[in-house]
Structure formats: C-alpha cells, structure tokens
Amino acid sequence: MFENLNCHRIDLPAHGKSELTYRDFESLACDVAIRISKPSVLLGWSMGGSLAILIALKFPSKVKGLILIGTTPHFLSSWGEKNVRAFLIRLRREGEEFLRYFRKLAYPFAFEDSINLSVAYRMLEDYVKLDLTKLLPYITQRTVIVQGIDDEIVPFVSGLTLYNLIKRSKFITFQGGHFPKRYERFIPEILKGF
C-alpha cells in the first residue's frame with residue numbers, strides 16, 4: 001500500500017518485532033524521535049497517534065506533518081474512569097483472551113504480530129492517564145485527523161476534539177470503526193498531499 005512513499009514502520013514496544021523498550025511515553029517519544037533522520041510525516045493509529053503528537057510537541061523540527069487515525073487526546077475522558085478501570089481489570093484477569101477480543105474491536109482482521117502482555121498492560125495503564133488535551137493548541141504542523149464514525153474504541157467526539165484544538169488540521173471521516181480497513185487506499189493519497 002505504501003510503495004514508492006519512502007515509509008518506515010515502527011512497532012510499539014511489546015508489539016510485533018519492536019526493538020524499543022518501554023519505560024514511559026515521554027521516553028518512548030525520545031526513542032522514536034532518534035530514529036527520525038529528516039523532517040517526516042508521522043502516521044499514528046490509536047495509541048501510536050498519541051505518541052506521534054508527543055513527538056511533534058517535543059521535536060517539532062523532525063515532524064513536518066501528522067496523520068492521526070482513531071486517536072484520542074485523553075483516553076480516560078473518552079471512556080470514563082469506571083469503564084477504564086473495568087477494562088484494565090478484565091485485561092489483567094483474562095489476559096490474552098481479552099486482549100484478542102479488544103484487538104478484534106479495534107481491527108476486525110487478524111493481527112500478524114505477537115505481544116508481550118505484561119509490557120502492553122503497563123503501557124495501557126500509562127496511556128489512559130496520558131492527557132494531551134491542553135498541549136494540542138501548540139501543535140504547529142499540518143495535521144490530518146482520520147476518524148471512523150462507528151469507532152468503538154475512540155469515540156467520534158474525541159476526533160472532533162483533536163480537530164477543534166489543533167489549528168492546522170483537517171478532519172476526514174469514514175464509515176466504519178477504529179481502523180479504516182476498507183478505506184486504506186486513501187491514506188497514501190493523504191501522505192502524497194504533504
């Protein structure tokens with residue numbers, strides 16, 4: 001899908017073939033930024049979108065644009081404390097079975113990666129506390145926000161919050177959930193627009 005676009009894929013820690021170590025999101029933003037050799041467009045999905053925002057804020061000279069898919073500035077306010085607590089309890093109790101269920105909500109096709117459950121759990125615990133809302137007006141890079149109308153992971157209103165708080169942003173919706181699987185073909189067109 002991304003042929004001829006000179007893209008680099010980075011798996012999050014504990015996901016797939018990632019060589020990154022997770023300590024906290026601030027350190028992770030630094031670790032990823034080190035791997036960016038020239039000003040680039042960062043495409044982030046879900047938690048990866050939040051990480052892309054952090055990188056754009058901390059290292060603005062390395063980021064010429066953002067594409068944020070199914071991203072929320074604050075997961076806790078998107079779901080509410082009671083729901084997030086129940087989610088984390090289920091994840092701890094049911095482990096991989098619940099993670100498979102959750103991932104299927106996020107992406108209705110089979111994942112091809114492996115995941116380190118204990119590290120993923122720590123990341124999720126930190127992620128629900130990460131609140132980027134007040135920092136969004138400081139994003140200066142052109143930003144495209146891609147949001148599913150029926151997203152069960154990141155509510156539609158979270159995408160609107162990003163759009164309203166990031167000055168140079170464009171809001172694109174698609175019919176579907178958390179990832180635009182049937183609409184992937186428009187992502188290279190968005191990238192070419194940068």
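The values are calculated or read from the model by the stated rules, or taken from the named source; none is laboratory data. Computed from a prediction, not measured in an experiment: that's the story for all the values here. Neighbour counts are summed over all protein chains in view; Cβ atoms, including those assigned to glycine, are modelled from backbone coordinates with ideal geometry. In case anyone asks, the SASA skips ligands and DNA or RNA and just uses the protein heavy atoms, side chains included. Shrake-Rupley method; radii C 1.70, N 1.55, O 1.52, S 1.80 Å.
Any idea what % of Cα-Cα pairs in region 116-171 are farther than 15 Å? Kindly include the intermediate steps, with their values, before the conclusion.
Working: 906 of 1540 pairs.
Tail of the P(r) past 15 Å holds 59 percent of the pairs.
State the percentage of accessible surface on the chain attributable to carbon and sulfur atoms; use a 1.4 Å probe and exclude ligands, DNA and RNA. Let's see the in-between values first.
Details: 5580 of 10690 Å².
Carbon with sulfur: 52 percent of the solvent-accessible area.
Label sites at residue 125 and residue 150, each approximated as a point 7 angstrom past Cα along Cα to Cβ, lie 3.5 nm apart. Scaled against 2.2 N^0.38 Å for its residue count N, the alpha carbon radius of gyration of region 94-194 is 1.22.
Amide H to amide H, with H built 1.01 Å from N, residue 176 comes under 5 Å of 149, 150, counting only residues 5 or more places away or on other chains. Modelled spin labels at residue 101 and residue 30, positioned 7 Å past Cα toward Cβ, are 3.8 nm from each other. Among 82-94, 65-77, sorting by the average number of other beta carbon atoms lying within 10 angstrom of each residue, highest first, gives 65-77, 82-94. Using θ = phi - 60° in the Karplus curve 6.51 cos²θ - 1.76 cosθ + 1.60, the 3J(HN,Hα) couplings for region 26-34 round to 4, 5, 5, 4, 5, 4, 6, 4, 4 Hz; x is entered for Gly and Pro.
So how do 145-151, 130-136 stack up, highest first, on mean other-Cβ count within 10 Å? Don't skip to the end; give the middle numbers.
Working: 145-151: 20.1, 130-136: 15.9.
In descending order of packing, they fall as 145-151, 130-136.
Here is how the number arises for the chain: DSSP H runs of 4 or more residues each give -39500 (n - 2.57), the sum is divided by the residue count, and the result at 222 nm is -12500 deg cm²/dmol.
Where only protein heavy atoms count, and the probe is 1.4 Å, what is the accessible area per residue for the chain in Å²? Working shown, then result.
Details: 10690 Å² over 194 residues.
For the chain, the per-residue accessible area is 55 Å².
Compute the FRET efficiency between residue 140 and residue 160 as 1/(1 + (r/R0)^6), taking r as their Cβ-Cβ distance and R0 = 25 Å, and round to the nearest 0.05. Walk me through the intermediate numbers first.
Values: r = 20 Å, r/R0 = 0.82.
The formula returns an efficiency of 0.75 here.
Which percent, nearest 5, of DSSP beta bridges in the chain are antiparallel? Write down the numbers at each step before the final one.
Working: 2 of 19 bridges.
Among the beta bridges of the chain, antiparallel pairing accounts for roughly 10 percent.
Evaluated with a Cβ-only charge set (Lys, Arg +1; Asp, Glu -1), the chain carries a dipole of roughly 500 debye about its Cα centre, given to the nearest 20. Each peptide in 98-108, 17-27, 119-129 was scored by the mean count of other Cβ atoms within 10 Å over its residues; highest first, the order is 119-129, 98-108, 17-27. For region 15-85, the Stokes-Einstein estimate of translational diffusion at 37 °C and a viscosity of 0.692 mPa s comes to 252 µm²/s, using the Kirkwood hydrodynamic radius over alpha-carbon pairs. Once backbone amide H atoms are built at 1.01 Å from N, residue 144 has 66, 67, 68, 170 as its partners under 5 Å, excluding neighbours fewer than 5 places away on the same chain.
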